[in-house]
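Right, one structure below, let's go through it.
The values are calculated or read from the model by the stated rules, or taken from the named source; none is laboratory data. Remember, it's a predicted structure, so these values are computed and weren't measured experimentally. Ideal geometry is used to build each Cβ from the backbone, glycine not excepted, and the neighbour counts take in all protein chains shown. Each accessible area value is taken on the protein alone, full model and side chains, heavy atoms only, with ligands, DNA and RNA left out. Shrake-Rupley method; radii C 1.70, N 1.55, O 1.52, S 1.80 Å.
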Amino acid sequence: MQPFKVIIVEDVPLELKGTEGIIKTDIPEAQVIGTADTEAAYWKLIKQEVPDLLLLDLGLGGSTTVGVEICRHTKDAYPNVKILIFTGEILNEKLWVDVLDAGADGIILKSGEMLTRGDVSSVMEGKRMVFNQPILERITARFKHDVSKDISCQDAFVNYEIDEYDERFLRHLALGYTKEQISNLRGMPFGVKSLEKRQNELVGKLFPNGNNGMSVNATRLVVKALELHILDVENLLPDED
């Protein structure tokens, strides 16, 4: 790794000292040209000398959004600066998404495995999405959950003989569309009477053993479709008219 310049933004003195210790011990190529504990102090520093790497904590003065804005504005003004987030925000997944959208090159959570030479080297070599073990575990868990949900949906389509028109019909019922409105959707080649017949067929498919002697209305049918993972409550979006 070639020598490079770094600015550290961290407002907790003890954590700043620890980060500087890691850099001094494990990353001798890094020259710390300045540290800042506020947004104003950071902008003053970078105007004096632009670093190769910004090591940025997200939480400054009790605010988490300040770090995201620093990241975004730094990438806008100095696109060649690498930004590695080093943060104790270990539960705020939305914040991770926000800072990645703002242009961060990676996120290192201050949990378990700390900042390593390998993390910094990866960023300086131009790699994107550099994460340490704690955040990788969270990302992997979310990925496995999403894949399992997709598989459950695919299995339900096969097991209950659901076609694309069934899915569209159920999805729009879930969104509060009437059968007349659904019949007017582009690419939906069914009239109201045909949709009523399709609804009855779906009731037979999803309630093969009946509904404890009770009739099944559109609401109960939609709830059953959600329970069986035919519909995904997080992806209930209407088709384009």
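Brief remarks follow.
- For region 158-197, the alpha-carbon radius of gyration amounts to 1.11 times the rule-of-thumb value 2.2 N^0.38 Å expected for a compact globular protein.
- Most fluctuating residue given options L136, L170, L55, as computed from a GNM of the chain linking Cα atoms under 10 Å: L170
- Charge dipole of the chain about the Cα centre (unit charges at C-beta), most positive-ward option of A102, G59, G118: A102
- For D232, the shell of other residues with beta-carbons less than 11 Å away shows a net charge of -2, using +1 for Lys and Arg and -1 for Asp and Glu.
- Think of a 1.4 Å ball rolled over the protein heavy atoms: region 123-173 then has 63 Å² of accessible area per residue.
- Counting charges near E167 (Lys, Arg +1; Asp, Glu -1) among other residues having Cβ under 11 Å from its Cβ returns a value of -3.
- In region 131-241, lysine pairs closer than 23 Å at Cα, eight or more apart or cross-chain: 11
- Counting all C-alpha pairs of region 52-176, share separated by more than 20 Å (%): 55 percent
- Accessible surface of region 85-241 [probe 1.4 Å, protein heavy atoms]: carbon and sulfur percent: 51 percent
- Of the peptides 184-196, 95-107, the order by per-residue mean of other Cβ atoms within 10 Å, starting with the highest, comes out as 95-107, 184-196.
- Here is how the number arises for the chain: DSSP H runs of 4 or more residues each give -39500 (n - 2.57), the sum is divided by the residue count, and the result at 222 nm is -16000 deg cm²/dmol.
- Calculated on the Cα set of the chain, radius of gyration then Dmax: 26.2, 77 Å.
- Kyte-Doolittle mean at least 0.5, axial Cα span of 30 Å or more - DSSP H helices of the chain: none
- Here the ratio of the Cα radius of gyration of region 100-241 to 2.2 N^0.38 Å is 1.54.
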